[in-house]
Protein chains: 2
Amino acid sequence: MDSVTKSLHSLSLNSTLVNHSNTNSPAAWRDALTASSESPSSFELIKTLVYKPKTAKTATPVPVVVIARESASVNSGAIGKKLNLKELRLASEDLLKEFFCLDKDSLSPLALNETNFSKVTTVVDASIATLSTPLGLHALSSSSTAFLSSSDLLQYLRHLETEEVKLHELDLQNLETAAPAAASSKAPPKEKETAKIEGAPQIAIGVKKEVDFPTWYTNVLLKADMLDYYNVSGCYILKPWSFSIWEAIQRWFDAEIKELGVQNSYFPMFVSSKVLEREKDHIEGFSPEVAWVTKAGNSDLEEPIAIRPTSETVMYPYYAKWIQSHRDLPLKLNQWNSVVRWEFKNPQPFLRTREFLWQEGHTAHLTKEEADVEVRQILELYRRIYEELLAVPVIPGIKSEKEKFAGGLYTTTVEGFIPTTGRGIQGATSHCLGQNFSRPEMFNIVVEDPTDPTNQRKTYVWQNSWGLSTRVIGVMVMVHGDNQGLVLPPRVASIQVVIVPCGITVNTSDEIRSKIEGACDDLAKTLKKAGLRVKADLRDDKTPGYKFNDWEQKGVPLRLEIGPNDLAKQQTLAVRRDSGLKSPVALENISSTVSELLDTIQSDMLKRAQETYQSRLQEVTKWEDVVPTLDGKNVVVLPWCEREACEDDIKERSAKASEPTDERAPSAGAKSLCIPFDQSRWTPIEPGKTKCPACGNDAKRWTMFGRSY
Amino acid sequence: MDSVTKSLHSLSLNSTLVNHSNTNSPAAWRDALTASSESPSSFELIKTLVYKPKTAKTATPVPVVVIARESASVNSGAIGKKLNLKELRLASEDLLKEFFCLDKDSLSPLALNETNFSKVTTVVDASIATLSTPLGLHALSSSSTAFLSSSDLLQYLRHLETEEVKLHELDLQNLETAAPAAASSKAPPKEKETAKIEGAPQIAIGVKKEVDFPTWYTNVLLKADMLDYYNVSGCYILKPWSFSIWEAIQRWFDAEIKELGVQNSYFPMFVSSKVLEREKDHIEGFSPEVAWVTKAGNSDLEEPIAIRPTSETVMYPYYAKWIQSHRDLPLKLNQWNSVVRWEFKNPQPFLRTREFLWQEGHTAHLTKEEADVEVRQILELYRRIYEELLAVPVIPGIKSEKEKFAGGLYTTTVEGFIPTTGRGIQGATSHCLGQNFSRPEMFNIVVEDPTDPTNQRKTYVWQNSWGLSTRVIGVMVMVHGDNQGLVLPPRVASIQVVIVPCGITVNTSDEIRSKIEGACDDLAKTLKKAGLRVKADLRDDKTPGYKFNDWEQKGVPLRLEIGPNDLAKQQTLAVRRDSGLKSPVALENISSTVSELLDTIQSDMLKRAQETYQSRLQEVTKWEDVVPTLDGKNVVVLPWCEREACEDDIKERSAKASEPTDERAPSAGAKSLCIPFDQSRWTPIEPGKTKCPACGNDAKRWTMFGRSY
């Protein structure tokens, strides 16, 4: 019996121990448990935060240990106020080691014992007592979890109390609302509701998007059957419901790039270290995340082989071989594949995963002009994928020097925005690599210059690379999803219309029942013939209400209901997923009515999202407005000097300015998102007159700054 | 300066040293050198074979060292006869170590020195002296190669000669033809020509398919621009010319399986060792070839993670989770991905590569009947890919117990045939896994049995898995290619028709020239409109002859030539790639004429290949006919007992029976290829009467046995 179980057992407390892979973040922890067949089917995780109050340097600190639900937002300021302690700051790893001999990923209430309890102040969230699901606690290790009931957890903590040292049971949720509100007048009013949606049926999302966005996001993905967690951390299974979206994007983009003369190919996933490390700047951007194969069967490989994080250095040695003459240009290759970047940060489905699907285009041109044109052609296709297929607005622009692709000349991007968090998100990038990879000391991709009459002059080719990944799906979910679940734009929905028979009760005659089901079936056939993607949901073990919920969760754009009355009137009730609007529609000419309705849904979704994005793009010209505007979940647009030092400075100052409260949602500094190509929407910059609000130097162009993913 | 260079230098001989990755086969060696930019643009490899003659056990053996061109076929019997030595057998690794302190992959003529030269008999192929390209020799290491001229090599060898011990310069080619012919009367007459095609233009294949098939194969792939070698051994680059064939197959098959209700998805490429090793029989088939990731960035992973060699164990834990009710069945998922099997045998493009592209379908059914039906539906689609798309005949059947998929219930297959080598090749397989993966001690994929009125009985799902890989492309090349290069079946050719302007000379007026080019362009447009894939080759720096060769090498099914006379007659000269047949075709109704011609080419290609396959399927009922029939490049069809012990025995006896001559083409034993579903083409088996010719037991079904890939 392990020590944790033993010590609980000695108090007659029951726990179940689950071993899993090592986890270094709350998300990874949840992933590992969700993937394990030994975990309870539902559970709540308990986090243990340790703060150090400000004390005289010579005094021994008395750390504050806060035990709370993983999803709870912990306001250390309010706790400090309550306990009459100053400036609680998250404790360093050293302090954790000193007091508990554990790191933060192993820490749990079970680390408190008779020896250390008296040396710390212990706070437990009072709401834990009300939980009925099993609670997951680190079993003094980041790779095993003990599950126990809330009463057992409290009993464990209480047995440590002494005459002198008591447990502090605080209602953290109410503490928080009692704390002073954020400074900015632009901040939307703080939600006072809890994340749980009252009375939500079992199958609904269960958590509000506006209140607990991360949990909402993963719940939507799971409940809409988009993906499942996988037992290798940071990797996810793309189920057909999400993969079909990727297929729709592939079909469209693949046809478009072929029109531009791009051909598909496949280069191996393996790269030798020598080749990978050829371009120093480039590899510096990737090396901490490269996965290395070192063994095959039982044999060690002679030298480790990397799995491609991207394919520039994989492909360009061969470009050098294949391109012998200007007649071999342009060379335009693309591949649809997966790449691996072994990130150690919190994984997030679609947005940050260790393996992800993408396309990567790699082209070589004779002139910079040609390369420049293609960079923008591709970026325009990316914009159209977001806006026309996914109904997600993006802003095309160029990245700052600091944010451009490592090793490239310049990077263009389409920048998206997640209104709920107020953060920017990079949508897809199209890079001009210039001659950085073709120059002689690199891959030496060279042809004779056809414009030189002496045939003596050589010219190094101009290269581009461009990529779009499955991240697009995550962005779409975040932008359009709501508290009922996913909302799919019709153009990428694998089912655009679901038909549900209604109004059938125990009293309905078999004849009517089969008439209604027949009508649903006929309608499905009619719409399919018109090229629409339709499903008649004739499951006989589910109620219409269940089906409504089910398809709403999965985001099907349009529901058509047919009941006895509809049948009599030769109509169907159309219910839009995006707006909830219901309207009866005649069965006559139904195909064109539905087609048009789907088009309307598609364009309404984009329009609404555009309006939101617009309203959160805030022109700011005074430094003091920057942080409050960011805190109000906006992107600030500054007349910027474009100096890298200034960008570093903005990031640092905007991070410091907002108070850190919780390791789970660190308030990051703002970085530059992009310099929009379309500058016309902002007050014209007067050269030499308009100043950068961050540093006072001359402003060059309006630049979007924001917190970001 | 290294020791090799130094010792050559001391004799005033020049050599260039190229370092490369470790190579353990002639193909890998060639790969590594082709991939290196330091290698000469053309070269010939030199192999060094060591034989041990039969001697008295007490005598010290005098090994025979044979130095020959890598492509030469070495007849050890004939050499022994010439030197008056008995029973030359390839020497063991131990003997190589003893005499040269080297393994076979490092051995080279440079291993001969003043000390050991007198202890061996050295034979050098006289034809080496005639070679003018640089010769590649292992520089006493499998990871570096010395290039030197043939005269320098001979000078090196000659300086070792003493009064007593001389070099034997033998004409191995003529020795060989002087040796007794193979026993079988069924063997086609032995080619006496050398592999090099006399007078072949620079850009042609250069080597005859019938004479040096392996070199022909790689030359065709390289010259047709299908693939390139890659600097990680066993991995290849699929260039657009081959990848587009894969895309055509994907498009067709993907649409067909979607009709069957299969959905696409994506599972991660990584598998934890625990999950991978869950099914013992299954993993035993793969474990020696699994690639392991053990590091990310600079950190060692806590436990190694495998790259999927196939996805049964990746997917089925989730099938167990997702399948909760018989209403969740059938579950039919497919993915298009790459898998890794780190083979240590000779790699061969498309046929045996360390990473390859495929699709893998994984389905779960309520009943065995349903699973059985699907296994055959999918196999039929595979047959159609081979026969209808690639014009490659295959024979559908079932695998023997010994050859079935590890861990499955039974395996069905479509078996192809490579006439040039007389070897069978597995085309694609569709497996019924039975309940082997679903049973409780495995993945426990279980539902309540809907046919049980008490709702008590459980039933474990029936599973299938099925896969088709890029190997199909290799088979197509081997079957259809000829001494001009690739021959593409029209249905998968990315360019079906090439139009070449002809008859333009220096005397042709600009007007006529532009008229001809205009006519080519117009013709291309007309055919494109009709949905054909066409290219007008208007390159002005290439002659028509060059273009003919170029497109013939690349296998374009049809060439249309337009010259001044054609223009006058409103016709074009159509030249078929498959048959070489030329015929003038009127420009009137050209689209339908060309469409029909392409259909004819497609069906003629299949018909010819079918006739060949048929003629090489030999019904054999006496054991003594088995080996001669195999040696005659046939597949034997035996009335077989279907016992595993008998299969092992057939393999062993058919291997022993034919004499080994060269490590490069070991004469393998025959294994069972498949038991054809269609038994009607052979004499009916009389139960209890017809006997298995191998063991005399009762025969069950006609079974194909052959040497194979």
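The values are calculated or read from the model by the stated rules, or taken from the named source; none is laboratory data. Fair warning: this is a prediction, and the values are worked out from it, not measured in the lab. Positions of Cβ are backbone-derived with ideal geometry, glycine not excepted, and every protein chain shown enters the neighbour counts. Heads up: the accessible areas ignore ligands, DNA and RNA and are worked out on the full protein's heavy atoms, side chains in. Shrake-Rupley method; radii C 1.70, N 1.55, O 1.52, S 1.80 Å.
Rounded to the nearest 20 Debye, what is the dipole magnitude of the protein assembly as shown about its Cα centre when Lys and Arg each give +1 and Asp and Glu each give -1 at the C-beta?
Charge dipole, the protein assembly as shown, about its Cα centre: 560 debye, nearest 20.
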When the charge dipole of region B:2-176 is computed with +1 at the Cβ of Lys and Arg and -1 at the Cβ of Asp and Glu, the Cα pointing farthest to the positive end, of B:49, B:59, B:18, is that of B:59
Once amide hydrogens are built 1.01 Å from N within the peptide plane, the residues lying 5 or more places from residue A:290 or on another chain with amide H under 5 Å from its amide H are A:342, B:297
The summed charge of the residue A:267 Cβ neighbourhood (under 12 Å; Lys/Arg +1, Asp/Glu -1) stands at -2
Farthest towards the positive end of the dipole of region B:617-706, among B:634, B:646, B:679 and with Cβ unit charges of +1 on Lys and Arg and -1 on Asp and Glu, lies the Cα of B:679
Ordering B:588, B:552, A:647, B:387 by the accessible surface of their heavy atoms, 1.4 Å probe, largest first, yields B:588, B:552, B:387, A:647
Note, region A:433-442: 3J(HN,Hα) by Karplus (6.51, -1.76, 1.60, θ = phi - 60°), whole Hz, Gly/Pro = x, goes 8, x, 10, 5, 8, 8, 4, x, 7, 9
Taking max minus min of the Cα coordinates of region B:345-395 on each principal axis, largest first, gives extents in Å of 41, 26, 16
Each label sits 7 Å from Cα toward the beta-carbon; between residue B:281 and residue A:546 the label points are separated, in nm, by 3.8
Sorted shortest first, the nm distances from the residue B:251 label point (7 Å along Cα→Cβ) to its counterparts in the other copies are 1.3
Share of accessible surface on carbon and sulfur in the protein assembly as shown, whole %, 1.4 Å probe and ligands ignored, is 48
The relative contact order of chain A, taking Cα pairs under 8 Å that sit 6 or more residues apart, comes to a percentage of 11
With the 1.4 Å probe rolled over protein heavy atoms, the protein assembly as shown has an accessible area per residue in Å² of 42
With all protein chains in place and a 1.4 Å probe, residue A:277 shows an accessible area in Å² (nearest 10) of 80
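With +1 on the Cβ of every Lys and Arg and -1 on the Cβ of every Asp and Glu, and nothing else charged, how large is the dipole of region B:617-706 about its Cα centre, in debye rounded to the nearest 20?
220
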Once accessible area is computed for B alone, A alone and the pair with a 1.4 Å probe, the total buried surface, to the nearest 100 Å², works out to 5000
Once both label points are put 7 Å beyond Cα along the C-beta direction, the residue A:652-residue A:681 separation in nm becomes 3.2
SASA check, residue A:603, accessible area w/ 1.4 Å probe, all protein chains in place, rounded to nearest 10 Å², comes out at 60
Among the DSSP H helices of chain A, those whose Cα atoms extend at least 20 Å along the helix axis and whose mean Kyte-Doolittle hydropathy is -0.5 or higher are A:240-259, A:590-615
From the cross-link list A:97/A:671; B:399/B:633; A:208/A:402, the entries with a Cα-Cα span beyond 30 Å are A:97/A:671; A:208/A:402
For B:470, B:420, A:16, the accessible-area ranking with a 1.4 Å probe, largest leading, is A:16, B:420, B:470
Once phi for every residue in region B:464-469 is put through the Karplus expression 6.51 cos²θ - 1.76 cosθ + 1.60 (θ = phi - 60°), the whole-Hz ³J(HN,Hα) values, with Gly and Pro written as x, are 10, 9, 8, x, 9, 10
With +1 at each Lys and Arg Cβ and -1 at each Asp and Glu Cβ, the charge dipole magnitude of region A:440-505 around its Cα centre, to the nearest 20 debye, comes out at 260
By accessible area (1.4 Å), largest first, A:621, A:5 order as A:621, A:5
Each label sits 7 Å from Cα toward the beta-carbon; between residue B:303 and residue A:588 the label points are separated, in nm, by 6.8
Residues other than residue B:642 with Cβ under 15 Å of its Cβ, Lys/Arg counted +1 and Asp/Glu -1, net out at +2
Distances in nm between the label point of residue A:595 (7 Å along Cα→Cβ) and its equivalents in the other copies, shortest first, are 2.5
So residue B:458 and residue B:644, fully extended at 0.36 nm per residue minus their Cα-Cα distance, gain in nm 63.5 nm
Among residues of region A:248-264, a drop of 10 Å² or more in 1.4 Å probe accessible area, assembly relative to the chain on its own, occurs for A:258, A:263, A:264
For region B:530-540, Karplus-derived ³J(HN,Hα) couplings (6.51, -1.76, 1.60; θ = phi - 60°; whole Hz; x for glycine and proline) come out as 7, x, 8, 9, 10, 9, 9, 8, 9, 4, 9
Sorted by chain and number, the residues with a modelled amide H under 5 Å from that of residue B:619, at a separation of 5 or more or across chains, are B:637
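Assuming 0.36 nm per residue, please report the length gained on full extension of the stretch residue B:166 to residue B:615 beyond their Cα-Cα distance.
Details: separation 449, 0.36 × 449 = 161.64 nm, distance 4.99 nm.
Going from the current span to full extension adds 156.6 nm.
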Cα-Cα pairs in chain A separated by more than 42 Å, as a whole percent of all pairs, come to 39
Among region B:364-378, those whose backbone N falls under 12 Å of a label point 7 Å along Cα→Cβ from residue B:326 are B:366-368
Of the candidates B:90, B:113, B:33, the farthest towards the positive dipole end of region B:2-176 (Lys/Arg Cβ +1, Asp/Glu Cβ -1, centred on the Cα centre) is B:90
A chain fully extended from residue B:36 to residue B:251 at 0.36 nm per residue, minus the present Cα-Cα distance, gains in nm 73.8 nm
